[in-house]
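We did not get these values from a lab; they are worked out from the coordinates using the rules stated. On a predicted model such as this, the values are computed, not experimentally measured, just so you know. Virtual Cβ from ideal backbone geometry, glycine too; neighbours counted across all protein chains shown.
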Amino acid sequence: MEIKNPAVAGTLESSDCQVTVEAGDGNIDFSLESAVINQYGNQIKKVAYETLEHLGVDNVRLTIVDKGALDCTIKARIEAAVYRSVNQTENLPWGGAIRE
């Protein structure tokens with residue numbers, strides 16, 4: 001899947017994260033801001049890359065501002081932002097495209 005427009009999903013509330021996707025420069029450019037980056041930064045990055053792989057996205061600038069989100073929330077926010085970026089609002093494969 002190719003990122004067509006910048007898109008955002010999520011909030012800056014506690015236990016959530018805000019995900020921004022933009023067209024990339026030929027690779028995955030990952031940026032993370034989190035108060036718990038020392039403890040969970042590697043896990044957040046792993047979840048992000050796995051989710052992008054399952055969605056078939058390999059050319060993206062992904063920014064996550066984490067406020068203590070669980071893995072399932074991070075996956076959902078990335079998925080929502082990617083689908084918003086391609087203007088897909090119907091026939092969304094929630095839980096199907098990235099379930100694993």
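Can you find a residue in the stretch 5-28 that is under 18 Å from N87 (Cβ atoms), in contact (Cβ under 8 Å) with a residue 60 or more places away in the chain, under 13 Å from the mean Cα position of the chain (by Cα) and outside any strand (DSSP E or B)?
The answer is yes; a qualifying residue exists.
Of the residues in the stretch 29-53, how many are without any contact (Cβ under 8 Å) to a residue 12 or more places away in the chain and among the small types (G, A, S)?
Looking only at that region, the number is 1.
Considering only the stretch 16-36, how many residues are touching a strand residue (DSSP E or B) at 6+ places or on another chain (Cβ under 8 Å) and either exposed (fewer than 15 other Cβ atoms within 10 Å of the Cβ) or over 24 Å from E2 (Cα atoms) (or both)?
Total meeting the criteria: 9.
Give the residues of the stretch 29-55 that are over 12 Å from the mean Cα position of the chain (by Cα) and among the β-branched types (V, I, T), sorted by residue number.
Listed by number, the residues that qualify are V36, I37.
Tally the residues that are in contact (Cβ under 8 Å) with a residue 24 or more places away in the chain and more than 8 Å from the chain's Cα centre (by Cα), restricting the search to the stretch 70-79.
Adding up the residues that qualify gives 3.
Only residues that are among the small types (G, A, S), assigned to a helix (DSSP H, G or I) and under 16 Å from A9 (Cα atoms): list them for the stretch 29-79, please.
A48, A76
Regarding the stretch 56-64, can at least one residue be identified that is farther than 19 Å from L92 by Cβ, crowded, with 21+ Cβ neighbours inside 10 Å and not polar (S, T, N, Q)?
Yes, the stretch 56-64 contains a residue that is farther than 19 Å from L92 by Cβ, crowded, with 21+ Cβ neighbours inside 10 Å and not polar (S, T, N, Q).
Is it the case that V82 is buried (at least 20 other Cβ atoms within 10 Å of the Cβ) and β-branched (V, I, T)?
yes
Check off (1) in contact (Cβ under 8 Å) with a residue 40 or more places away in the chain; (2) closer than 20 Å to I37 by Cα for G56 and give me the number that stays unchecked.
Every listed condition holds for G56 apart from (2).
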